[in-house]
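In what follows, a single structure is set out as structure tokens and then discussed.
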Amino acid sequence: MPPGPQECVFCSIAAGDAAAHIVFQTEKYCCIRDRYPVNDGHTLLFPTQHVRHLEAADWGSLTATLDRAIEYVRSETDPDGLNVGINDGPAAGQTIPHLHWHIIPRYEGDMENPAGGVRGVIPKKQKY
């Protein structure tokens, strides 16, 4: 069984019980730098309440908060592009069962051919 809020690293960070580089926190969301970044500036945004799946997200306050997190990443890293996305459920690669958005700065030359972007989750189907 997946961990509940008591064992969830994101819940611990939002409560101030775990060490993390917190960029900002609102009543409903917490924005942190990823501990295992894909690229320099990789940032995560997650609800402060334990939410496992996308359908439980508070869409009302999400847009402005996600915009704020994206602006932070752009201002800190000056990327050439961004990938913004989620992994919702184990089959999608979610390893922490708490809804979170990845904001990954992308730079010219960081991979040979980035065409297809997030379609690369299944590499052999990335190109079309």
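The values are calculated or read from the model by the stated rules, or taken from the named source; none is laboratory data. Since we're looking at a predicted model, the values are computed, not measured. Neighbour counts are summed over all protein chains in view; Cβ atoms, including those assigned to glycine, are modelled from backbone coordinates with ideal geometry. Only protein heavy atoms, including side chains, enter the accessible area calculation; ligands, DNA and RNA are left aside. Shrake-Rupley method; radii C 1.70, N 1.55, O 1.52, S 1.80 Å.
To the nearest 10 square angstrom, what accessible area does H21 show with a 1.4 Å probe?
Roll a 1.4 Å probe over it and H21 shows about 110 Å².
Report V121's accessible area, 1.4 Å probe, all protein chains in place, as a number in Å² to the nearest 10.
Rounded to the nearest 10, that gives 120 Å².
Using a 1.4 angstrom probe, figure out how much accessible area the chain has per residue, in square angstrom, rounded to the nearest whole.
Working: 7790 Å² over 128 residues.
Per-residue accessible area for the chain comes out at 61 Å².
Please compute the volume of the convex hull spanned by the alpha-carbon atoms of the chain and report it per residue in Å³. Kindly include the intermediate steps, with their values, before the conclusion.
Details: hull volume 15.4 nm³, N = 128.
Given the Cα convex hull of the chain, per-residue volume reads 120 Å³.
Between the range 67-128 and the range 1-65, how far is it from one alpha carbon centroid to the other, in angstrom?
Result: 16 Å between the Cα centres.
What is the ratio of the Cα radius of gyration of the range 44-85 to 2.2 N^0.38 Å, with N the residue count, to two decimals? Provide the component values of the computation, followed by the final result.
Values: Rg = 11.8 Å, N = 42, 2.2 N^0.38 = 9.1 Å.
In units of the globular-protein estimate, the range 44-85 measures up at 1.30.
I need the peptides 80-88, 24-32, 108-116 ranked by packing, meaning the mean over residues of other C-beta atoms within 10 angstrom, with the highest value on top. All intermediate terms of the calculation are to be shown ahead of the outcome.
Values: 80-88: 15.3, 24-32: 17.1, 108-116: 10.6.
Put in order of decreasing packing, that is 24-32, 80-88, 108-116.
Just by accessible area at a 1.4 angstrom probe, what is the order of W101, W59 from largest to smallest? Display every interim value, and only then the final one.
Values: W101 20, W59 135 Å².
Solvent-accessible surface, decreasing: W59, W101.
Mind checking which aspartates and glutamates have their C-alpha under 19 Å from K127, skipping anything on the same chain fewer than 8 residues away?
E108, D110, E112
Could you work out the helix-only [θ] at 222 nm for the chain, with each DSSP H run of four or more residues adding -39,500 (n - 2.57) and the total divided by the number of residues, to the nearest 500 deg cm²/dmol?
Numbers: 2 runs with 25 residues, N = 128.
Rounded to the nearest 500, the figure is -6000 deg cm²/dmol.
Run the numbers on the chain and let me know its relative contact order in percent, using alpha-carbon pairs under 8 Å that are six or more apart. Mind dumping the intermediate values first?
Working: 179 pairs, mean separation 29.8, N = 128.
Here the relative contact order equals 23 percent.
Can you give the accessible area of S75, probe radius 1.4 Å, in Å² rounded to 10?
Estimated to the nearest 10 Å², S75 gives 80 Å².
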